[in-house]
C-alpha cells in the first residue's frame, strides 16, 4: 500500500487501511478540504451563488469509484460539479476555463501503474495550485472536522465532454499549420496505453488528415505495458512503425500530458527531444514572424539541449525548480514563448499553461511538414546528449542534507545551483549532475547528462562515490 500527500494533490494505491492507501476515506477527506479552501482562493464564485468544479478522469480501473466519491463529496459540500467523464489532463485543465469554473480535480495517477490513482487539483485558470494553496489543503485534511451542506444547499451535477472544444483550440493555434500537415499525408502509429488517449488522439489526427494505426485503443485502464513512455516500454510501438511503414510513432501516457516519439526507422526519438524539437520550431517561427519573444523554460533536471537550441536561435533559456507548477510559474514571470519538462511535457502558453500532448503532436507534425525530411534525419540536427538516472538509498534520511552540502562544497569551483537540491554544471565539458532528495522516500535522486552515456555514467558514479563515503563513515 502507498499514499503520498503533496501540495499538488494526493496519490496512492487503491485499497488497504485508511491512511495507508488511497481509500474512500482519504478521497473524501482530501476533496472536502479542497472545497473548504475555495473561499480562501476565491472570495466569490464565478457562476451564481455556488462554486463550480470540473472533474475529469483518465481510463483507470478505479476511475468510476473515485469519481463517484469525489463528485458526491463536492455536492455534499454545496459545490456544483461538471463531470467531463473520460478526459485527458489537459482537456480537464482547459475545461475549467471553457466553463468559467472555480477549479478542477483531475482523477489520474499519470504514468503510475494500474493500481494507482490520484486527485490533482486545479485553480480557476485550470492550472495547478501554488505551494501555499496546496499546503492549506493538506493542513485542513489533517484536522478531520467535517461540516456538510444541508439538503437545500446541496450542489448539482451536470455532464459535458470538452474533447471537441479542446481539439478545436489546438487546430486554431496560429503555429499549427493544418494545411501543411494534411499535404504531407503522414501515417502514424499511436500507442494509447488503453486510456483516454485512445479517444482524443485519433480524433485530433483525423482532423489533421493523418492516417492513424491505433495500438492499445480500448479505454479499460488495463495497461498493455508499463505506462511510462520510455523506450524500453515502447518496443511494440517501434515494431508497429516498421511493420506499417509509418512516418512516426506516437506514445502518450494514461492522462495524455506526456509525449514520446518513435522515428520512422523504429528508433526512439528520445523523450527529452520532444520539448526541444517543438521549441526549435516555435523559436524558428517566432524569428521569421518578427516576434522578439525567444524565451524558453524547463526544469533543472531536463536536458541541456533546450538551452543549446534556444541560444542557437538567439534566445534566452531559464531553468526552474522541478515540478510542473514551478515551470509554469517561471513561464508566467518571463512571458515565455515555450516551456515544459524533459519527460515529454510540452507547455505552450498560447493555448494554456499545462503539459499537453495534443499540442505537442500538432506542433511537431507542423515542424516536420515544413522541414520535409524524415524524423530520424531531423533528430540528427538536434544536440546529442545522454541522461543517466540513479538513486542513493539512505538508511538515515537526515544524511540527505549533509550529502548535498558536501557535494556542493566539493564542486565549488564549478557552476553550482542550489535552487532545487544541488546541480553542478561543467560548462566546458557540456555536462551536468543534479542531486535532489525525495519528499516521500529515504532516497536522493541523481541525474547526470553528458554528450556520451559513458561520460554521464562516470559523473553519476563520481557523485555517488562521494555520497557513499559519507554514508559509510556515518555507519562506522
Original post:
Hey, any hits in region 262-272 for a residue that's within 23 Å of residue 385 (Cβ to Cβ) and assigned to a helix (DSSP H, G or I)?
Top reply: yes
**OP:** Answer yes or no as to whether residue 368 is within 30 Å of residue 164 (Cα to Cα) and in a helix (DSSP H, G or I).
**Re:** yes
Subject >> Lone qualifier among 443, 373, 368 - being outside the structural domain of residue 92 (by TED's automatic domain parsing) and touching a strand residue (DSSP E or B) at 6+ places or on another chain (Cβ under 7 Å) >> reply: 443
Original post:
Tally time: how many residues in region 301-322 are in contact (Cβ under 8 Å) with a residue 60 or more places away in the chain, in contact with a helix residue (DSSP H, G or I) (Cβ under 9 Å, 6 or more places away or on another chain) and under 22 Å from residue 229 (Cα atoms)?
Top reply: 2
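A quick yes/no check of all residues on (1) under 30 Å from residue 63 (Cβ atoms); (2) in contact with a helix residue (DSSP H, G or I) (Cβ under 8 Å, 6 or more places away or on another chain):
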residue	(1), (2)
245	no, no
248	yes, yes
252	yes, yes
264	no, yes
273	no, yes
285	no, no
290	no, no
Original post:
Which one of these does residue 84 not meet: (1) touching a residue at least 60 places away in the same chain (Cβ under 8 Å); (2) under 17 Å from the mean Cα position of the chain (by Cα); (3) more than 18 Å from residue 192 (Cα to Cα)?
Top reply: (2)
**OP:** Please determine, by comparing only the residues of region 371-400 that are without any contact (Cβ under 8 Å) to a residue 24 or more places away in the chain and outside any loop (DSSP other than H, G, I, E, B), which one is farthest from residue 433 (Cα to Cα).
**Re:** 371
Original post:
Just wondering, is there one or more residues in region 280-297 that are touching a residue at least 40 places away in the same chain (Cβ under 8 Å), under 29 Å from residue 224 (Cβ atoms) and either buried (at least 22 other Cβ atoms within 10 Å of the Cβ) or in contact with a strand residue (DSSP E or B) (Cβ under 9 Å, 6 or more places away or on another chain) (or both)?
Top reply: no
**OP:** Only residues that are loosely packed, with under 14 Cβ neighbours inside 10 Å and either in contact with a helix residue (DSSP H, G or I) (Cβ under 9 Å, 6 or more places away or on another chain) or assigned to a strand (DSSP E or B) (or both): list them for region 19-66, please.
**Re:** 19, 40
**OP:** Those residues that are over 25 Å from residue 252 (Cα atoms) and not in a helix (DSSP H, G or I), I need them from region 320-348; list them, please.
**Re:** 335
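Of these, 218, 161, 191, which one is surrounded by fewer than 14 Cβ atoms within 10 Å (Cβ to Cβ), in contact (Cβ under 8 Å) with a residue 24 or more places away in the chain and either touching a strand residue (DSSP E or B) at 6+ places or on another chain (Cβ under 7 Å) or more than 26 Å from residue 347 (Cα to Cα) (or both)?
Result: 218 is the single residue among 218, 161, 191 that is surrounded by fewer than 14 Cβ atoms within 10 Å (Cβ to Cβ), in contact (Cβ under 8 Å) with a residue 24 or more places away in the chain and either touching a strand residue (DSSP E or B) at 6+ places or on another chain (Cβ under 7 Å) or more than 26 Å from residue 347 (Cα to Cα) (or both).
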**OP:** Determine if region 176-192 includes at least one residue that is within 19 Å of the chain's Cα centre (by Cα), in the same structural domain as residue 247 (by TED's automatic domain parsing) and in a loop (DSSP other than H, G, I, E, B).
**Re:** yes
**OP:** Could you grab me the full set of residues in region 408-428 that are touching a residue at least 12 places away in the same chain (Cβ under 8 Å) and in contact with a strand residue (DSSP E or B) (Cβ under 7 Å, 6 or more places away or on another chain)?
**Re:** 408, 411, 414, 415, 417, 420, 421, 422, 423, 424, 426, 427
Subject >> Selection from region 67-79 of residues that are assigned to a helix (DSSP H, G or I) and touching a residue at least 60 places away in the same chain (Cβ under 8 Å) >> reply: 71, 74, 75, 76
Original post:
Among the residues of region 233-261, which ones are under 18 Å from the mean Cα position of the chain (by Cα) and either in a strand (DSSP E or B) or outside the structural domain of residue 214 (by TED's automatic domain parsing) (or both)?
Top reply: 250, 251, 252, 259, 260, 261
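The values are calculated or read from the model by the stated rules, or taken from the named source; none is laboratory data. Bear in mind that the values here come from a model prediction, so they are computed numbers and not experimental data. Glycine gets a Cβ as well: all are built from the backbone with ideal geometry, and neighbour counts include every protein chain shown.
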